[in-house]
1. I'd like the full set of residues that are of a type in the set (Asp, Glu) and open to solvent by less than 50 Å² (accessible area, probe 1.4 Å), limited to the range 325-384.
2. Need the failing condition index for residue 306 against (1) crowded, with 17+ Cβ neighbours inside 10 Å; (2) modelled with pLDDT under 95, just the number.
3. Out of the range 315-341, which residues are in a strand (DSSP E or B) and over 19 Å from residue 284 (Cα atoms)?
4. Considering every residue within the range 60-69, establish whether at least one is more than 22 Å from residue 216 (Cα to Cα), of a type in the set (A, V, I, L, M) and out of contact with any Cys (no Cβ under 7 Å at 6 or more places or on another chain).
5. Report, by residue number, each residue of the range 187-211 that is free of Cβ contacts under 8 Å to residues at least 24 places away in the same chain and open to solvent by less than 10 Å² (accessible area, probe 1.4 Å).
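The values are calculated or read from the model by the stated rules, or taken from the named source; none is laboratory data. Quick caveat: nothing in here was measured; it's all calculated off a predicted structure. Glycine also receives a Cβ, built like all others from the backbone with ideal geometry; neighbour counts cover every protein chain displayed. Surface areas here come from the heavy atoms of the whole protein model, side chains and all, with no ligands, DNA or RNA. Shrake-Rupley method; radii C 1.70, N 1.55, O 1.52, S 1.80 Å.
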Amino acid sequence: MALGGDASGPAEPVPRRPLESSNAAAAGVAAIPLVRFRGVQKTYDGVALVVRGLDLEIRRGEFLTLLGPSGSGKTTTLMMLAGFESPTAGDIELAGKPITRTPPHKRHFGMVFQNYALFPHMTVGQNVAYPLTVRGVSRADQAKRVARALAMVQLDGKAERMPAQLSGGQQQRVALARALVFEPQLVLMDEPLGALDKQLREHMQIELKELHRQLGVTFVYVTHDQGEALTMSDRVAVFNDGAIQQIDAVDRMYEAPSNRFVAGFIGDSTVLAGSLREGGRIELADGRMLAGVDVNGAAVGARVDACIRPERIVLHAADPGRSNVLAARVADVIYFGDHLRLLCALGPGQAPATVKLPLAARTPPRPGDEAWLEFPPEFTRIYR
């Protein structure tokens, strides 16, 4: 959870862009990304690169999530964009102009960090007003803007309370109001929901997405939670080892991972190991064959993995007599509240296959039952 607001210190006002005189001019401005990273690298010790050769464009008005495991470079990328870290090499541009050496308080970005960091001796209203105070905004204008910001995050009537009198979720909303009150063109968030319980976190995800839709402000969000990224984002950039593995719309990221890492990191997958054969087929250790999509152009004979989402596997109680079907035995049936999850043994050399069934499924199988699992080729993705 986080402090909402900008870096301390006075900031230069950002002039409003005048209305474009022609559709062509408007299209030209829209074509320029709000933020562009060009060949950005970052090292702390002069040896190991935390971020390597980063080329990234952030579109105006989008909700972009930087997703990845700890140490993947996502937070360092956010800190370089905020101005709290400097690139070792490369440049960062804002609306086509370099900001690599621009101090944080002159970037006009809203910030929401991991910890609350609200001023405990200030009221909610004073906390939210702080970015306006350092900008020299009049008290009358401050009052209007604070009231509007608190209304946006559903904290009407809470301006006179102290932070300690609020719940964790309410403090998170104060932090967000503080980040939005001075009308920034970009809001940066570093795992802002990490301290909330599961139910409140999921509720806040929906609220954040709706707030983004209403405001049209560009959000850049850092998390290691795949579900959070898929729920809120327009696009997701998956980081690993200091580099972006894939950046895509959330549906394509889930349905069409570009490599084995993304397939394993985003969502659940059943993974089958084998060797690639002619025609984009994988031969399992016991000689059974499956057709799929050869994503990375692996060479025939190479060791590969076939990955498929558990909800894409079709369960049959009897052999359907079709290709791309493997005989299995149900090892366990797990109740997940909104679905059943089956663990199915496929034989020596293979990890159990996971199959998701809706609760409405009639007469679900029991542990020990035979089953036939169909792997639709269009959803079976083969990675080297």
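1. Scanning the range 325-384 gives a single hit, 374.
2. Single failed check for residue 306: (2).
3. 315, 316, 330, 331, 332, 333, 334, 335, 339, 340, 341
4. Looking for residues that are more than 22 Å from residue 216 (Cα to Cα), of a type in the set (A, V, I, L, M) and out of contact with any Cys (no Cβ under 7 Å at 6 or more places or on another chain), one finds none in the range 60-69, hence no.
5. none
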